[in-house]
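This report concerns only the one structure given below.
The values are calculated or read from the model by the stated rules, or taken from the named source; none is laboratory data. The model shown is predicted, which means the values in this text are computed figures rather than measured ones. A quick note on method: Cβ atoms are made from the backbone with ideal geometry, for glycine too, and the neighbour counts reach across all protein chains shown.
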Amino acid sequence: MRGPLAAALLCVGTAIAAPAEPYVPEPMPRGFRVEMSELDGPVFADRQGRTLYRWPYRIMRNGVTGDGKGESNCGDTPSTESAGLMSPYPGGLLLPDRDRRPSCQQLWPPAHATEGDEPVGNWSVIERRDGRRQWAYEGAALYTSVRDRRPGDVLGGDSYRQDGDAPAPREPIQPRPDIPPGFAVSTTLHGRLLHTTRGFSVYAFDRDTPKRSACDAACEQVFAPIQAPAAARPHGEWSIYTRASGLRQWTLRGRPLYLHAEETRVRSLAGSDVPGWRNVYTQQTAPPPAEFTVQDTPAGQVLADASGRTIYSYTCGDDAPDQLSCEHPADTQVYRLAMCGGGSAERCARNFPYVEARAGARGRGRLWSVVEIDPATGHFADRNSRALRVWAYRDRPVYTFAGDRQPGEVNADGLGEFLADREGFKAFWLRDAYFRE
């Protein structure tokens, strides 16, 4: 793939990028703080800097899951049978690796309140069924994730993936972004995308400066300036630019803001196809590994390896009451091996080979990393196993597909249950022209 969008996708970092998303401070429990994550922006953390998550109450196909307000349904007894929440599969099916299956509480330790802790602001304390006290935010019980290793990690959460048939996700809790009324922010693979509350993307023009707009009257017919109300006042990184017509226009970090008049889809990247125009992010993610490429497909743009073969991620959540993940190398590999190799690790490796990392390769940022995998098991390698050094996104290895013969082919996209929303392989879409951008 060639052109300005490809460069933007692989070389993140424009004049409108910022190291961190501004947020609105609020009272917090003693010792709690805000940490900056690469994917989700500012997140609340406990006294040890561990990201705090909630498990939202969610209606599934055949029932509900998650936590109701003021309660925790994440227990310390491992599930052994399916819940039947996803039709047409019934409940009562035996789950794999029952002798090694962790409990919900083991993967998602409750954020316990200690003696003397008192509610403050949006933070309250609830009583668990075991009698212990647990922190809650806006009534939602809070947890940490054993997958997170450093402050700012969000390796346990799935706020960026909430398709209708996906498992009930755990979400990091966050302070409100410091943005004026009428704007909103969403987590995307490229960063925290700024858009209107109606969902339409916000753009900036490379030729604009804080004191001069290069977008003339003809330009305004395509990119409409975003008007600041008469009562609006500058604050933080937000200011107001007065155009020659007298219109007061919002600016962020010194760049006037616009809407793409021809846009019909929410959270679109289409305006960035126009030379000189870029989507605005309050915070951007680091680019993918340097040897990766971007390939055009009939359905959009995908991330690919150095030879142009589409990269796939594996998603998995079982249908147990606690809706635990089964996509991480530390999770059971039964589902993945059954999907890609009929239970055979050797066949799976032929059909969906890992994307191996060259010697000395390192990820840029904290989302992409090189991990060592035992190909015989799919788990992280130990000192007694044969290790492959492979690329991983958020600790989850990525793959290519043997059935893709040419760059831009995505023959395995959606291979799995419920188009792989529940379990299976998805192309690593940087831009999906039909479903999401």
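When Asp130 is tested against (1) at pLDDT 95 or above; (2) in the same structural domain as Arg54 (by TED's automatic domain parsing); (3) over 18 Å from the mean Cα position of the chain (by Cα), just one condition goes unmet, and that condition is (1). Condition (residue is farther than 30 Å from Val266 by Cβ, part of a strand (DSSP E or B) and not aliphatic (A, V, I, L, M)) applied to the stretch 414-423: is it met by at least one residue? The answer is no; no qualifying residue exists. Restricting attention to the stretch 320-334, the residues that are over 19 Å from Arg394 (Cα atoms) and either in a helix (DSSP H, G or I) or touching a helix residue (DSSP H, G or I) at 6+ places or on another chain (Cβ under 6 Å) (or both) add up to 2.
Filter the stretch 360-371 down to residues that are charged (D, E, K, R) and buried (at least 16 other Cβ atoms within 10 Å of the Cβ), then give me how many there are. Residues that pass the stated criteria total 1.
Reported count of residues in the stretch 184-199, each being buried (at least 18 other Cβ atoms within 10 Å of the Cβ) and in a loop (DSSP other than H, G, I, E, B), is 2. Residues of the stretch 39-56 that are more than 23 Å from Asp117 (Cα to Cα) and buried (at least 18 other Cβ atoms within 10 Å of the Cβ): Leu39, Asp40, Gly41, Pro42. In summary, Ala349 fulfils each of the numbered conditions (1) part of a loop (DSSP other than H, G, I, E, B); (2) over 24 Å from the mean Cα position of the chain (by Cα); (3) more than 25 Å from Ser145 (Cβ to Cβ) with the single exception of condition (1). Residues being surrounded by fewer than 20 Cβ atoms within 10 Å (Cβ to Cβ), at pLDDT 95 or above and among the polar types (S, T, N, Q) are represented in the stretch 57-75 by at least one member. Which of the residues spanning the stretch 239-269 are within 17 Å of Ala218 (Cβ to Cβ), surrounded by fewer than 16 Cβ atoms within 10 Å (Cβ to Cβ) and not aliphatic (A, V, I, L, M)? Arg243, Ser245, Glu262 - these are the residues of the stretch 239-269 that are within 17 Å of Ala218 (Cβ to Cβ), surrounded by fewer than 16 Cβ atoms within 10 Å (Cβ to Cβ) and not aliphatic (A, V, I, L, M).
For the stretch 84-97, a tally of residues being at pLDDT 95 or above and under 27 Å from Leu142 (Cα atoms) returns 1.
Pairs are defined by a Cβ separation below 6 Å, a sequence spacing of at least 6 or placement on different chains, a first member in the stretch 26-50 that is in a loop (DSSP other than H, G, I, E, B), and a second member that is of a type in the set (D, E, K, R) and at pLDDT below 95; the pairs so defined are Glu38/Arg366. Listed conditions (1) in a loop (DSSP other than H, G, I, E, B); (2) hydrophobic (A, V, I, L, M, F, W, C); (3) more than 19 Å from Thr65 (Cβ to Cβ) are all met by Trp135, apart from (1).
For the stretch 280-319, the set of residues classified as assigned to a loop (DSSP other than H, G, I, E, B), crowded, with 23+ Cβ neighbours inside 10 Å and touching a helix residue (DSSP H, G or I) at 6+ places or on another chain (Cβ under 9 Å) consists of Pro288, Asp318, listed by residue number. Considering the stretch 114-123, and only residues there that are in contact (Cβ under 8 Å) with a residue 40 or more places away in the chain and not acidic (Asp, Glu), the residue that is surrounded by the fewest Cβ atoms within 10 Å (Cβ to Cβ) turns out to be Gly121.
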